[in-house]
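The values are calculated or read from the model by the stated rules, or taken from the named source; none is laboratory data. These figures come from a predicted structure and were not determined experimentally. Here the Cβ positions follow ideal geometry from the backbone for every residue, glycine too, while neighbour counts run over all protein chains shown.
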Amino acid sequence: MPFLLQFNCHDRNVDSLLFTQEQHDQAAALLASFSQRYLASLDSLPVYPPLDRPALRGLKEQPLPRAGQPLEALFEELERVVVPNSTHTAHPRFLPYVQPSPNALSPYADHVAATLNQNCNLWHLSPAANAVEQTVLRWFVELFGLPGTAGGIITSGGSMANAVALTAARDHALGPGARREGLQGQRAPLVLYTSEEVHSSIGKAVSLLGLGTQNLRYIATGDDFRIRLDLLAEAVASDRAAGRIPFCVVGSAGTVTTGAIDPLEALAHFCRAQDLWLHIDGAYGALAALSERFRGPLTGIRLADSVSLDPHKFLFCSFEAGCVLVRNRQHLLASFSAHPSYLTMSEDEDFIDFANQGPQLSRAFKALKVWWSLKHFGADAYAAVIDHMHHLATYMGEQIAARSRYELLAPVVFNCVCFRRKDLDGEGNLRALQSLLESGTAFLGPALVKGRTGLRACFMNLRTTEADVRLILDALESR
Ligand SMILES: Cc1ncc(COP(=O)(O)O)c(C=O)c1O
């Protein structure tokens with residue numbers, strides 16, 4: 001066996017990728033020191049750094065190192081080049097997107113998950129992680145009041161959750177031949193409906209699934225930014241009359257720009273009557289159901305065929321952690337199960353082979369940070385934090401109403417505020433936004449609200465205070 005003879009299998013070569021106890025201690029000390037200093041310095045950092053382009057070019061052009069470097073050198077470079085050229089997303093005035101600062105525990109959970117390195121694909125490769133994932137999924141199923149048939153999977157985020165849900169919806173519409181024939185077996189186009197305020201991940205999922213974006217109908221919203229049911233009904237009827245096949249409606253539990261929640265119950269009744277799959281994109285807002293204040297408008301989720309939610313948003317988990325739930329778990333199995341001979345092991349009714357419920361095979365133990373976050377902080381703490389984020393948005397809305405140079409572009413209904421400087425046109429507002437960013441004071445986002453351009457602040461940051469809100473508005477007035 002010449003090949004094997006050539007291969008110099010020297011046991012101790014592997015030691016170079018392992019740490020001694022002393023190196024572990026050193027790595028832990030460097031990590032703890034870095035994390036504590038970084039988090040303590042956030043207030044004094046510019047939210048968006050002036051970029052050191054030569055240093056970043058140096059990073060891009062690094063050659064493949066043949067020999068390793070000591071740990072101290074890696075941490076030194078991290079602090080010298082990476083940190084000063086990073087957006088400080090946990091900075092109290094980082095408010096541009098639906099992107100929270102992580103809760104304090106989540107990075108530790110990421111470390112533990114990576115240390116255990118469970119592969120959450122087949123249950124026998126990760127039995128305890130499997131039980132944990134089942135538990136967090138059950139907590140979510142119970143939170144939304146979905147039936148006992150429901151199941152789901154932790155995903156990388158809301159975009160993937162939406163893609164998984166729409167795959168199940170598409171395959172359900174295609175029927176038993178779905179996986180064998182795919183869309184090629186379909187004579188008339190399948191059509192789906194959503195509002196003009198929907199997140200771009202729905203359009204991406206539609207193209208990914210081969211449905212064709214020309215078959216995605218964006219229905220207009222009313223003054224409240226919620227989908228207009230009369231127009232939805234008209235669109236469905238007109239497609240049916242033209243011989244197309246309506247199959248799915250996507251409602252939003254928190255639209256990405258204004259945070260509006262579509263009339264979910266009414267959508268559900270419409271979908272039942274029309275035999276359409278109702279998917280709710282709750283990546284932004286579904287977890288606000290943890291708060292009494294928002295539970296009411298979200299109760300319609302219990303009637304959905306599928307719902308996406310994002311623990312890396314309102315559970316303040318570090319990236320990545322999304323989730324999709326389907327009313328009937330069988331739909332995920334129908335779309336994703338696969339049993340190659342090299343993977344098949346005995347099934348066990350206590351466990352779930354998550355590889356059969358989603359597109360990924362190897363999967364990290366993301367459920368750990370979700371589980372730990374809820375266990376350590378408790379659901380009541382989340383309810384209070386979500387209410388506080390709403391309070392900050394309301395406070396900003398009041399400040400805007402009290403200042404003559406500003407106006408709101410949409411009512412504040414959730415945790416985000418869309419507004420503009422009245423004395424500037426759309427371009428001027430965007431320039432003010434850019435100038436605020438370049439000064440390092442605050443990072444807000446742009447907003448296009450019913451054709452009007454302005455700025456958007458989304459409160460998901462655990463360090464933001466009312467003083468930050470006033471500081472932002474003061475700073476913007478002078479731009
Ligand atoms: C309403 C909505 N849907 C989907 C997404 C996509 O989620 P992710 O960024 O986790 O993929 C977002 C992200 O902000 C969102 O706000």
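Numbers at a glance
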{"item": "Hits in the range 204-227 (condition: touching a strand residue (DSSP E or B) at 6+ places or on another chain (Cβ under 9 Å) and of a type in the set (Lys, Arg))", "result": "Arg217, Arg226"}
{"item": "Residue in the range 415-426 that is in contact with a Ser or Thr (Cβ under 9 Å, 6 or more places away or on another chain) and in a helix (DSSP H, G or I) present", "result": "yes"}
{"item": "Filtered residues of the range 259-288 (kept if out of contact with any strand residue (DSSP E or B) (no Cβ under 6 Å at 6 or more places or on another chain) and either of a type in the set (Asp, Glu) or buried (at least 23 other Cβ atoms within 10 Å of the Cβ) (or both))", "result": "Ala260, Glu265, Asp275, Tyr284, Ala288"}
{"item": "Residue in the range 300-310 that is hydroxyl-bearing (Ser, Thr, Tyr) and without any contact (Cβ under 8 Å) to a residue 60 or more places away in the chain present", "result": "no"}
{"item": "Residue in the range 128-139 that is crowded, with 20+ Cβ neighbours inside 10 Å and either within 30 Å of Leu211 (Cα to Cα) or not assigned by TED's automatic domain parsing to the domain that holds Ala304 (or both) present", "result": "yes"}
{"item": "Complete set of residues in the range 13-47 that are outside any helix (DSSP H, G or I) and more than 28 Å from the chain's Cα centre (by Cα)", "result": "Leu18, Phe19, Thr20"}
{"item": "Of the criteria (1) over 30 Å from Gly451 (Cβ atoms); (2) more than 16 Å from the ligand (Cβ to nearest atom); (3) part of a helix (DSSP H, G or I), which one Arg187 fails", "result": "(3)"}
{"item": "Qualifying position, being free of Cβ contacts under 8 Å to residues at least 60 places away in the same chain and of a type in the set (A, V, I, L, M), among Leu436, Leu444", "result": "Leu436"}
{"item": "Residue that is surrounded by the most Cβ atoms within 10 Å (Cβ to Cβ) [pool: residues in the range 52-79 that are under 18 Å from Ser41 (Cα atoms) and touching a helix residue (DSSP H, G or I) at 6+ places or on another chain (Cβ under 8 Å)]", "result": "Phe75"}
{"item": "Those helices (runs of 4 or more DSSP H) lying entirely in the range 326-402 with at least 2 residues farther than 18 Å from Val307 by Cβ and without any contact (Cβ under 8 Å) to a residue 12 or more places away in the chain", "result": "379-402"}
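For every residue, the table says whether it meets (1) assigned to a helix (DSSP H, G or I); (2) within 15 Å of the ligand (Cβ to nearest atom).
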{"residue": "His88", "(1), (2)": "no, no"}
{"residue": "Pro96", "(1), (2)": "no, yes"}
{"residue": "Pro102", "(1), (2)": "no, yes"}
{"residue": "Tyr108", "(1), (2)": "yes, no"}
{"residue": "Leu146", "(1), (2)": "no, no"}
{"residue": "Ser159", "(1), (2)": "yes, yes"}
{"residue": "Ala163", "(1), (2)": "yes, yes"}
{"residue": "Leu166", "(1), (2)": "yes, yes"}
{"residue": "Ala169", "(1), (2)": "yes, no"}
